[in-house]
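A short worksheet on the structure shown next.
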Amino acid sequence: MVQFYLLSILLNILAGLILVMLSPLSQKETASVPATVEDSDPLAEDDPFADVETAGSASSEGVQKTGGAVQMLTQVDSKLFRLVVGILSVFVGLMKLLSVYRNDVPVIGDLLPAVAGFAGGATLLIDYYLSTTSEETNLPSFVQAVLVDGRKYVGIGCLAVAVLHFLFPGVVLF
């Protein structure tokens, strides 16, 4: 179906970008980030003009200081968004195996996009699980090596398969 073809490409690109560009959720929880600039730099001086308003602006209260791109990156970096993308990637990967696109060879015709969707979605789901669990989790060595430690490679693979699947829709395996 054409819908799953489009969803496969979009979700593989999205999962690939998340895996390549953003750090794992489990690392964010353990990393300590300084709360303020003063805490991180003991030699930082106070701004003497901090209380002076600039000409032409009535008040800075209630005005949002971040742009649309910054807001979008913070939303993409949330746990819920990654969980939804992971679930949808696995679901669309399963549906790519079950549905055929334009008289294509069943199962084999969309094998790489389906595997990329499974791998990208599973990596995002495992990352979400590891960041939310309070227990120590021992994953199998293969899963740890490929999906957790090699998450950047899975992301690059998702991006490559999505681009190839978009450019060559009728080729077997893409």
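The values are calculated or read from the model by the stated rules, or taken from the named source; none is laboratory data. Because the structure is predicted, anything quoted here is derived from the model rather than measured. Backbone-built Cβ (ideal geometry, glycine too); neighbour counts: all protein chains shown. Just the protein is used for accessible areas: all its heavy atoms, side chains included, with ligands, DNA and RNA removed. Shrake-Rupley method; radii C 1.70, N 1.55, O 1.52, S 1.80 Å.
Filtering the range 1-44 to residues that are open to solvent by 80 Å² or more (accessible area, probe 1.4 Å), at pLDDT 60 or above and not in a helix (DSSP H, G or I) leaves only M1.
Apart from one condition, F118 fits all of (1) surrounded by fewer than 21 Cβ atoms within 10 Å (Cβ to Cβ); (2) at pLDDT below 95; the exception is (2).
Rundown of residues vs (1) farther than 22 Å from P24 by Cβ; (2) open to solvent by 80 Å² or more (accessible area, probe 1.4 Å); (3) modelled with pLDDT of 75 or more; (4) out of contact with any Leu (no Cβ under 8 Å at 6 or more places or on another chain), yes/no style:
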| residue | (1), (2), (3), (4) |
| --- | --- |
| A58 | yes, yes, no, yes |
| L80 | no, yes, yes, yes |
| A114 | yes, no, yes, no |
| I126 | no, no, yes, no |
| Q144 | no, no, yes, yes |
| Y153 | no, yes, yes, yes |
| L164 | yes, no, yes, no |
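The numbered conditions (1) open to solvent by less than 50 Å² (accessible area, probe 1.4 Å); (2) at pLDDT below 65 are all true for V52 except (1). Every condition in (1) touching a helix residue (DSSP H, G or I) at 6+ places or on another chain (Cβ under 7 Å); (2) more than 20 Å from L6 (Cβ to Cβ); (3) free of Cβ contacts under 8 Å to residues at least 12 places away in the same chain holds for T133 except the one numbered (1). Among the residues of the range 128-142, just one is closer than 21 Å to L88 by Cβ, open to solvent by less than 60 Å² (accessible area, probe 1.4 Å) and of a type in the set (S, T, Y), namely S131. Annotation note: Cβ proximity below 7 Å between a residue of the range 2-21 that is more than 17 Å from V148 (Cα to Cα) and a residue that is open to solvent by less than 30 Å² (accessible area, probe 1.4 Å) and of a type in the set (K, R) (sequence gap 6+ or interchain) occurs for F4/K96; S8/K96.
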